[in-house]
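The values are calculated or read from the model by the stated rules, or taken from the named source; none is laboratory data. Small disclaimer: the values here were computed from a predicted structure and weren't measured. Here the Cβ positions follow ideal geometry from the backbone for every residue, glycine too, while neighbour counts run over all protein chains shown.
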Amino acid sequence: MFYGIGSRLGMVAAAALLGACTLMGTGTATQADERLAGKKVIFVPISMGISLTEGWARRMREHAEIGGYSFDVRDAAFNTGVMSELLAKAISDKPDVLVVHNPTVQLLARQIRQAESEGIKVLQINLQSNQPSAAFVGASWERIGREIAEDIVKECGEGSGKSGKVAIIPGQLTAADSVIMNDAAFKVFEEHKEIQVVSNQASDWEPEKARQITATVLQQHPDLCAVFGHWDVHTMGAGNAVKDAGKADDVLVYSTGGGDDVACKAIEDGVQDRIWSYDADGQGRDAGTMIDLLLQGAAAADGSMLIAQSPLKIIKAGDSYDASLCWKM
Amino acid sequence: MLERVVAVATLVLVVAFALAVDGFATIGNLRVILSNSASLAILSCGMAVVVVSRGLDLSLIAQMVAGATVFGILISNGVAAPWALLVAVAAMVAVGLLNAWLIAYVEIPAMLATLASSMFMVGLLRFAILRGEFLLLLPKSDPTVAFLAGNILPGVPVSVALMAATLAACWFLLNRMSAGQVIYAMGDNFQAARLAGLPVRTTLIVVYVFGALTALVAGLVMASASGVVDFRTVTNGTLLFDVILVVVLGGIPLRGGRGGVRNIIVGVALIAVMRNGMTLMNFTTQTQDMLKGLVLLTAIVTDNYLNPRDAETDTVGDL
């Protein structure tokens, strides 16, 4: 299996961290094994069947096999009602660590609090709830939103000779990533009055909805400069609308995602131009490491959340395009 | 008649949007409205024929995704497009036959039969063929996909041409074929049609196979436009409700026996114009849903006021 330099460095760092933590405790790797063996971890994702969650689960499972603890996935299949039920069931199963992927900032907050109060450590992955818990592994959405907005200002703002018109396509208005990215982006745009957000309509994460919105906005604003889709999957639809309108060279299509090979394919096909990848494969490894640490009793000294922020990879079309930035399932 | 109320509401909205919304009354926008509503109109043709025969096809969206998946998997594995299309058509005919067999011969109510076949199809395709994946990407580099997403004549997208062709086929089936007469008779009074010796079972086969084929066409149009076959359209989307809404709003009663292509066009027009105008005004998705609900409610209440129910029109099974 091929790993990029970034992942190799990540692995070394993670191994060193794990090693250091074990050494700081009572000593040997065997003792760490004893602390991990037989423990129970349950993962409740928004849905399996997408590269993001499949990539995470693969790496977490690897860690579970090495540590000798059980790792169980409860697939909510994009159904938030089912997700709450699955989480309630998972809490009643009394795992040692519960890994939760929040569809919105509010939906699972009460259950996360309940789990923590029952002594279950909750690791939130990539999408954070309003409710803090033992740990968070994931991207800094504030940073992604800000960086993309700054790039848009550079490409479409003063001195670029472009209209400054931007269409934003969030996933859902209450999803953590959409909320935080929009806040960060609008903060940047407010300082640059030449940037005009002509559309800010959620796609419910669906490519076809994103396509219809983009097609409509494009004919109202033929001089649109950039589209900022909050997820690369639904932005496929937006990118295709831009391409079908013959504007692939004029409109920059931005998105964010887990950075698997589909993202690189989208760039190669000219459907999207710039993708801020939080590297789901690396996040899976981070999550696996975090679970190992939590099972060994790791906690922040002041009781606050342990946080592992994902490094970002920026996949760009053009001369600097580098297919090795993407990972393969 | 609900159809007239809805047609008037659509006209009022068109005038209001044209006056108030920048960029609404343009040829470019008309093209966007048409191409964005193509898949909805095509699906509504299938659903309308089923509903007129006093049925309901809850598997229509699953069929749409299934057809597009079969086609997409084949072309991405290097099968020539005509063969891929042929296999997809055969698969959809088989699905239509299965639905019709369950309803006409096993005599399971249409709603239950199609609900079950919908679940079966999604499960089978997701786990046996896509191996758990939710999405299948269709590359625009493929000439068939590029053709379906492109223009057939300058300014006329292929999707719009397919919508017109499907509407024409629907009109032909309902008005010019003997099966059409039987469909209306079945919708009017199924037992009477059966006792009169009309071939109700074979006609149900025609109805559900026609529905399946419209689903395939809609699936190809939608998938090639957005470049993705998305299974969440079935599991989470509201498209099925939109399709039923178009049919009911256009004035085809769910108890069947009435309605035609004109009703479909009226229903689709209202939804398409509303969606387009609100997108141009940059309304949030939630606001759009709310306003859509409000307009529908107003249309139905107005219809109730203008055409009060009486003993003759208040039939069992009507909405």
task = Out of the residues in the range A:172-191 that are in contact with an Asp or Glu (Cβ under 7 Å, 6 or more places away or on another chain) and at pLDDT 90 or above, state the one that is farthest from A:Q106 (Cα to Cα).
result = A:V188
key: Considering residues of the range A:202-214 that are within 7 Å of chain B (Cβ to nearest Cβ) and among the charged types (D, E, K, R) only, the residue surrounded by the fewest Cβ atoms within 10 Å (Cβ to Cβ)   = A:D204
Out of B:L148, B:L115, B:L162, B:L173, sole residue that is at pLDDT 90 or above, surrounded by 14 or more Cβ atoms within 10 Å (Cβ to Cβ) and more than 30 Å from B:P253 (Cα to Cα) = B:L148
Helices (runs of 4 or more DSSP H) contained entirely in the range A:27-134, each with at least 2 residues that are modelled with pLDDT of 95 or more and surrounded by fewer than 17 Cβ atoms within 10 Å (Cβ to Cβ) = A:51-67, A:80-92, A:109-117
request  = Test B:V200 against the stated conditions and say whether it is aliphatic (A, V, I, L, M), surrounded by fewer than 24 Cβ atoms within 10 Å (Cβ to Cβ) and touching a helix residue (DSSP H, G or I) at 6+ places or on another chain (Cβ under 7 Å).
outcome  = yes
Qualifying positions in the range A:240-286 - crowded, with 24+ Cβ neighbours inside 10 Å, free of Cβ contacts under 8 Å to residues at least 40 places away in the same chain and either in contact with a His (Cβ under 9 Å, 6 or more places away or on another chain) or among the basic types (K, R) (or both) = A:S255
message = So B:V229 passes all but one of these: (1) outside any helix (DSSP H, G or I); (2) of a type outside the set (K, R); (3) more than 14 Å from every other protein chain (Cβ to nearest Cβ). Which condition number does it fail?
response = (3)
message = Take the conditions out of contact with any strand residue (DSSP E or B) (no Cβ under 6 Å at 6 or more places or on another chain), in contact (Cβ under 8 Å) with a residue 40 or more places away in the chain and facing another protein chain (nearest Cβ under 8 Å) and apply them to A:V217. Does it pass?
response = no
ask   = Can you name the residue in the range A:190-201 that is part of a loop (DSSP other than H, G, I, E, B) and farther than 29 Å from A:L52 by Cα and, of all such residues, is farthest from the other protein chains (Cβ to nearest Cβ)?
value = A:E191
query = Out of curiosity, is A:K247 within 13 Å of another protein chain (Cβ to nearest Cβ) and closer than 25 Å to A:N102 by Cα?
reply = no
ask   = List the pairs whose first member sits in the range A:107-122 and is within 14 Å of A:V41 (Cβ to Cβ), whose second member is assigned to a helix (DSSP H, G or I), and whose Cβ atoms are under 6 Å apart, counting only residues at least 6 apart or on separate chains?
value = A:A115/A:I91; A:K121/A:L294; A:V122/A:I112; A:V122/A:A115; A:V122/A:E116
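For the condition small (G, A, S) and assigned to a helix (DSSP H, G or I), what is the one hit in A:A241, A:A298?
A:A241
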ask   = Looking only at the range B:237-274, which residues are polar (S, T, N, Q) and within 14 Å of chain A (Cβ to nearest Cβ)?
value = B:T238
request  = For the range A:250-269, enumerate the residues that are more than 8 Å from chain B (Cβ to nearest Cβ) and outside any helix (DSSP H, G or I).
outcome  = A:D250, A:V251, A:L252, A:V253, A:Y254, A:S255, A:T256, A:G257, A:G258, A:G259, A:D260
task = Can you work out which of the residues in the range B:91-140 that are in a loop (DSSP other than H, G, I, E, B) and basic (K, R) is farthest from B:S76 (Cα to Cα)?
result = B:R131
key: Residue satisfying condition, being of a type outside the set (F, W, Y), in contact with a Ser or Thr (Cβ under 8 Å, 6 or more places away or on another chain) and within 14 Å of chain A (Cβ to nearest Cβ), within set B:V207, B:V234   = B:V234
remark   = Going through the range A:202-230 in order, the residues found to be more than 19 Å from A:K162 (Cβ to Cβ), modelled with pLDDT of 95 or more and either basic (K, R) or assigned to a loop (DSSP other than H, G, I, E, B) (or both) are A:R211, A:H230
The range A:301-329, residues that are of a type in the set (G, A, S), surrounded by 15 or more Cβ atoms within 10 Å (Cβ to Cβ) and outside any loop (DSSP other than H, G, I, E, B) = A:A308
